[in-house]
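J.: One structure, as structure tokens, below. Some questions next.
The values are calculated or read from the model by the stated rules, or taken from the named source; none is laboratory data. Bear in mind the structure is a predicted one, so any value in this text is a computation, not a measurement. Every residue, glycine among them, receives a Cβ derived from its backbone with ideal geometry; neighbour counts consider all protein chains shown. Remember, those area values only see protein heavy atoms, side chains included, never the ligands or the DNA or RNA. Shrake-Rupley method; radii C 1.70, N 1.55, O 1.52, S 1.80 Å.
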Amino acid sequence: MGLVGWEALEQWVTTSRAIEPLTGGVANDVWSVRRQRAPRGRRLGTRNDADLAWETELLQHLDREGMTVPVPIPTTDGRLFADGVVVMTYMEGGPPETAADWRRVADTLRELHRLTQGWPQRRAGGQSTDLLHAETGTRIDLGANAA
């Protein structure tokens with residue numbers, strides 16, 4: 001995707017600038033940006049406004065409950081996303097490497113499940129049991145041979 005969508009950053013603040021692309025994702029154009037001297041993450045994807053509203057509201061909820069998540073930063077007029085772009089606090093991290101790391105992952109998932117009990121499913125999202133009878137899941141071929 002490159003630098004497509006950079007003009008949308010003006011809706012946050014005119015002092016934002018691109019630092020470098022972030023790797024590891026498959027569906028979005030994600031960059032480290034600097035906004036008022038603080039590192040941020042900027043993501044441009046193809047999700048519709050309803051999906052972005054669901055995601056950004058969920059992240060705000062988890063943050064209010066004390067979970068460490070990337071927090072959406074509102075535009076200058078208070079929106080949490082604009083033109084498919086979301087700007088969030090930047091979080092350093094890496095994959096789990098030790099048994100202790102994996103225990104923290106499990107603890108975090110249990111806390112996530114506790115905090116999202118009763119949270120509505122994303123509008124276009126299915127339930128995990130739907131995947132038992134599906135051929136694909138979003139961008140994944142569930143029938144592909146894992147070997």
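J.: Applying the selection to segment 63-79, what residues are out of contact with any helix residue (DSSP H, G or I) (no Cβ under 6 Å at 6 or more places or on another chain) and open to solvent by less than 30 Å² (accessible area, probe 1.4 Å)?
T.: Filtering segment 63-79 down to residues out of contact with any helix residue (DSSP H, G or I) (no Cβ under 6 Å at 6 or more places or on another chain) leaves 63-64, 66-68, 70, 73-74, 76-79.
M67, I73 - these are the residues of segment 63-79 that are out of contact with any helix residue (DSSP H, G or I) (no Cβ under 6 Å at 6 or more places or on another chain) and open to solvent by less than 30 Å² (accessible area, probe 1.4 Å).
J.: Sticking with this one: For segment 80-103, name all the residues that are open to solvent by less than 50 Å² (accessible area, probe 1.4 Å) and in contact (Cβ under 8 Å) with a residue 24 or more places away in the chain.
T.: Residues satisfying the conditions are L80, F81, A82, G84, V85, V86, V87, M88, T89.
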